[in-house]
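Some notes on the structure that comes next.
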Amino acid sequence: MKFIKCRDDGELVVTSSDDGSVTVYKCDSGREEKQLVESGPRWSRLHGSGYSRGGKSCTSVSVNCDGSVLTGGEDDKICLLTIECSTPLRSIEDADVGGINAVTFSQSSEVLSVSSVGDLKVWDLRNSSNQPAKIMKLSGDSEGLYCVQCHPTHPHLVVTGRSDGSMCFWDLRHHWQPLSVMVTHTDIVWEAQFHPSNPKHLVTSSNNGCLWHWDATKVVPSTTADDSSISPWLTGDVLANGMDVVNTLPNNQLPINSLDILSKHLIAGADNEAIYVIPDMVVN
């Protein structure tokens, strides 16, 4: 689930589901309690016909600053959508093997995808070919990648979460392997997200139930990095260099499979069908 924040016709939310569908909702604030009301197109079974009929689920949705929507599914397909159109603007078939685990925009014409075979793929939407512009992978490694996100001010810096609980930091400009690998959780990293206005803070969620807030403001900058705001994540053993880590849900034991950050507020969804709201994150 992602908010479409650039619209001036109300608060819109785009959601993906296990039956392969993608739906846009509008937040109806005219009632005593806000409710989500279906609004705009619904792309039924965009990524398949549902589990009961042998179809595939829509595993990931990402929203660009212009309101366009990117989706990825277990059917190995990536779709580019806009809420003004009931059919996809672009579909990339057979984008990977074994399903797309996550997608995101890095630039208006460039998108990223990750899969269970450990590939980070870069796609240029200006190219009519259904072939990736670049494929990046940790050499000799077979761990799957389950999430991907770009740094908010330096989109060439990318973080991915792996099936072994670690995170990789990549530079899309001129590196084919990650610049650094952080040993973090003990199970799959489902989400990793930079704070949108203070990217020295990072929040990760895991299959082991942890929701960790990483504070890199005290980390000694790397001398090889070209910008002080991104260098903490490229500094080898960050835990030994001043990284502070807080588990914001210490009593939770069920997987945290999604999260979002708005200003100082953190929201997370868990396998117990609960939504947790953590207000007033400390992001100095």
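The values are calculated or read from the model by the stated rules, or taken from the named source; none is laboratory data. None of these values were measured; they are calculated from a predicted model. Cβ coordinates were reconstructed from backbone atoms using ideal geometry, including for glycine residues, and neighbour counts include every protein chain displayed. Calculation scope for accessible area: heavy atoms of the full protein, side chains included, ligands and nucleic acids excluded. Shrake-Rupley method; radii C 1.70, N 1.55, O 1.52, S 1.80 Å.
The figures follow:
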item	result
Subset of the stretch 260-276 [at pLDDT 80 or above and either part of a strand (DSSP E or B) or polar (S, T, N, Q) (or both)]	D260, I261, H265, L266, I267, A268, G269, A270, N272, Y276
Residue under evaluation S129, criteria (1) farther than 17 Å from W170 by Cα; (2) touching a residue at least 40 places away in the same chain (Cβ under 8 Å), criterion not met	(2)
Residue list for the stretch 32-60, filter: of a type in the set (D, E, K, R) and at pLDDT 55 or above	E38, R42, R45, K56
Residue check, V220 modelled with pLDDT under 80 and either out of contact with any strand residue (DSSP E or B) (no Cβ under 8 Å at 6 or more places or on another chain) or of a type in the set (S, T, N, Q) (or both)	yes
Selected residue (criterion: modelled with the lowest pLDDT) from residues of the stretch 233-259 that are open to solvent by less than 20 Å² (accessible area, probe 1.4 Å) and part of a strand (DSSP E or B)	L259
Filter result for the condition that a residue is more than 23 Å from Q193 (Cα to Cα), open to solvent by less than 50 Å² (accessible area, probe 1.4 Å) and more than 14 Å from the chain's Cα centre (by Cα), over I78, I92	I92
The stretch 149-200: number of residues that are touching a Pro at 6+ places or on another chain (Cβ under 6 Å), surrounded by fewer than 17 Cβ atoms within 10 Å (Cβ to Cβ) and in contact (Cβ under 8 Å) with a residue 60 or more places away in the chain	1
Filter result (in contact with a Phe, Trp or Tyr (Cβ under 9 Å, 6 or more places away or on another chain), of a type in the set (K, R) and open to solvent by less than 50 Å² (accessible area, probe 1.4 Å)) within the stretch 98-148	K134
